[in-house]
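The values are calculated or read from the model by the stated rules, or taken from the named source; none is laboratory data. Owing to the predicted nature of the structure, the values given are computational and were not obtained by experimental measurement. Note that we place each Cβ from the backbone using ideal geometry, even for glycine, and neighbour counts take in every protein chain shown.
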Amino acid sequence: MFFFQDSTDADAFILGIQTEWQLQQMMRFGHQSLLASHSSFGVSKLKYPLHTLLVFDSRQHALPVAWIITRSITKQDTLKWMRALTDRIHAIDLTWRIGGFIIDDPASDLEPIRDVFACPILFSFWHIRRTWLKNVIKKCSNSEVQREIFIQLGKVMYSIWSEKNPMDALEQLFQDFVDQTSFIKYFKSFWVPKLEMWIDSIRNLPLASQESCCAIEGYHLKLKAKAYDDLQLDALQRVDWLVHKLTTEIHSSYWLNIYADESGSFPEVKAEYVVSTSWQRALQIPDDAVLFDDKQPLSAKVASQKDANQMRTVWNPGCEFSLCDCSWSMQGNLCKHVIKVNMMCGACKDFQPSLSFQSFQHVLLDLWQKPMDDSFSLDLSVAWVMQMQERTQKVTELAISDGIAQVAGKLPVQWTNKRGRRTASKRTSPVVFPHSNGSLQKDLTPKKNRKRKRLSTFPG
């Protein structure tokens with residue numbers, strides 16, 4: 001437990017949980033990398049919703065490094081547990097910092113993130129895609145209608161950066177599918193009142209990649225399966241049960257996955273962990289298994305790896321709102337067939353750029369169009385562009401090199417001594433350690449003696 005605030009008339013209940021192992025992984029994978037937020041899990045089932053902070057490990061799988069149990073999303077309460085978390089890390093390494101923070105809820109207050117982490121903020125739309133697809137399939141019985149509605153919803157999202165008004169595209173959808181009363185009623189009552197908030201977040205924040213969306217969704221599915229498998233439904237309203245579930249079963253499963261992957265032990269556990277996300281499963285599909293037909297440009301075929309005679313159809317290829325006819329996609333998930341098709345469409349000019357690419361392009365153009373007389377905005381824009389150019393160059397060098405050793409050899413890493421290898425970086429100032437009695441130990445670093453030497457004799 002790194003933070004606790006009891007519920008009173010003035011304060012909300014907040015419980016922050018982080019084990020020592022999670023702290024180590026947060027420092028290891030979070031430094032100069034991305035930190036993601038999986039928010040509001042169990043709003044309708046748990047007594048207090050669960051908020052999870054995630055890092056991405058060496059395989060880009062989402063790894064939970066902190067759990068926060070609370071209903072409060074106010075700026076004051078968020079600042080409390082965020083500062084307590086970063087203070088715990090900075091007590092070990094003052095140089096630790098993240099490269100970006102991914103949010104999945106437009107209602108999240110951005111000021112605490114900027115105040116505590118001082119980093120760029122990205123937005124992940126995995127939640128809105130998953131929710132829309134699940135309700136389209138649930139409330140529309142005809143498969144062709146399901147496909148057309150989901151494609152039209154994707155066009156609403158893609159119109160955010162065009163001259164068209166997304167709300168006009170949505171109104172056109174309501175007119176085209178006026179007979180789908182169940183879905184239209186649900187969408188108007190649940191999404192229309194807050195759709196402007198979602199659109200503003202997608203328009204103003206850079207979008208996270210589809211790979212990170214797959215990783216966050218993979219964590220969500222695993223958390224959902226393990227948290228809701230208890231036969232005693234009344235246990236969902238108990239905080240002690242949730243804490244026990246998180247710190248034992250869920251924590252142990254991730255610890256075992258990382259240990260099996262890095263040590264080579266438990267090959268079956270490692271093999272299952274490697275393909276635990278749709279992105280990793282898509283990487284195992286060969287390119288020749290994907291077939292494009294010029295006569296049907298709105299769909300693509302993916303051959304099954306288990307049964308050569310079975311083909312999966314992916315509609316609206318090259319778009320984040322693609323739809324596959326496999327059972328995994330029909331449950332509202334991002335399937336490996338959609339990911340693989342979109343991977344191949346990304347290198348083809350015949351398909352429209354992804355939402356994340358358009359978002360990134362919009363950010364760059366907005367920075368480039370800053371007025372020259374605004375010196376602060378100009379300096380900030382140049383700093384952002386230089387930072388992105390440097391990171392893009394490093395990724396390009398890694399992609400075209402024969403191995404990571406060639407890139408790592410150019411990094412300015414210097415080991416000072418054996419003790420320094422246990423820390424994240426070399427400290428530039430001497431460290432003063434406290435004794436057990438609370439007094440400070442004197443700095444034993446040799447200092448230059450400025451005392452003048454006495455001249456005892458002079459030559460005669």
Number of the exception - Leu85 against (1) buried (at least 17 other Cβ atoms within 10 Å of the Cβ); (2) touching a helix residue (DSSP H, G or I) at 6+ places or on another chain (Cβ under 8 Å); (3) of a type in the set (A, V, I, L, M, F, W, C): (2)
Helices (runs of 4 or more DSSP H) contained in region 175-239 and holding at least 2 residues in contact (Cβ under 8 Å) with a residue 60 or more places away in the chain and in contact with a Lys or Arg (Cβ under 7 Å, 6 or more places away or on another chain): 210-227
Listing of strands (runs of 3 or more DSSP E) fully contained in region 1-70 that carry 3 or more residues being modelled with pLDDT under 90: 3-5, 34-41
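Can you name the residue in region 303-315 that is over 28 Å from the mean Cα position of the chain (by Cα) and assigned to a strand (DSSP E or B) and is also surrounded by the most Cβ atoms within 10 Å (Cβ to Cβ) among such residues?
Going residue by residue through region 303-315, those that are over 28 Å from the mean Cα position of the chain (by Cα) are 303-313.
Remaining after also requiring assigned to a strand (DSSP E or B): 303, 311-313.
Values: Ala303: 17, Met311: 14, Arg312: 22, Thr313: 16.
Of everything passing the filter in region 303-315, Arg312 is surrounded by the most Cβ atoms within 10 Å (Cβ to Cβ).
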Selection status of Asn309, polar (S, T, N, Q) and on the phi > 0 side of the Ramachandran plot: no
Condition met for Ser40 (under 20 Å from the mean Cα position of the chain (by Cα) and farther than 30 Å from Ala260 by Cβ): yes
Number of positions in region 248-299 that are of a type in the set (A, V, I, L, M, F, W, C) and part of a helix (DSSP H, G or I): 12
Per-region count, region 345-358, residues surrounded by 19 or more Cβ atoms within 10 Å (Cβ to Cβ) and either closer than 21 Å to Leu221 by Cβ or hydrophobic (A, V, I, L, M, F, W, C) (or both): 2
Identity of the residue in region 217-276, surrounded by 12 or more Cβ atoms within 10 Å (Cβ to Cβ) and of a type in the set (S, T, N, Q), that ends up modelled with the lowest pLDDT: Gln237
Count - residues of region 136-164 that are farther than 19 Å from Asp104 by Cα and either outside any helix (DSSP H, G or I) or touching a residue at least 12 places away in the same chain (Cβ under 8 Å) (or both): 20
All positions within region 71-98 that are free of Cβ contacts under 8 Å to residues at least 60 places away in the same chain and farther than 22 Å from Glu20 by Cβ: Arg71, Ile73, Lys75, Gln76, Thr78, Leu79
Where a residue in region 332-351 is under 18 Å from Ile151 (Cα atoms) and its partner, wherever it lies, is assigned to a loop (DSSP other than H, G, I, E, B) and aromatic (Phe, Trp, Tyr), with Cβ under 6 Å and at least six apart: Cys345/Phe351
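Would a scan of region 105-122 turn up a residue that is in contact (Cβ under 8 Å) with a residue 12 or more places away in the chain, over 18 Å from Ser40 (Cα atoms) and over 20 Å from the mean Cα position of the chain (by Cα)?
Here is the first cut: in region 105-122, the residues in contact (Cβ under 8 Å) with a residue 12 or more places away in the chain are 105-109, 111-113, 115-122.
When the remaining residues are screened for being over 18 Å from Ser40 (Cα atoms), the result is 111, 115-121.
Remaining after also requiring over 20 Å from the mean Cα position of the chain (by Cα): none.
So far as region 105-122 goes, no, none of its residues is in contact (Cβ under 8 Å) with a residue 12 or more places away in the chain, over 18 Å from Ser40 (Cα atoms) and over 20 Å from the mean Cα position of the chain (by Cα).
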Qualifying residue in region 74-85 (condition: part of a helix (DSSP H, G or I), of a type in the set (Phe, Trp, Tyr) and farther than 17 Å from Phe4 by Cα): no
Condition check for Trp126: modelled with pLDDT under 90 and buried (at least 16 other Cβ atoms within 10 Å of the Cβ): yes
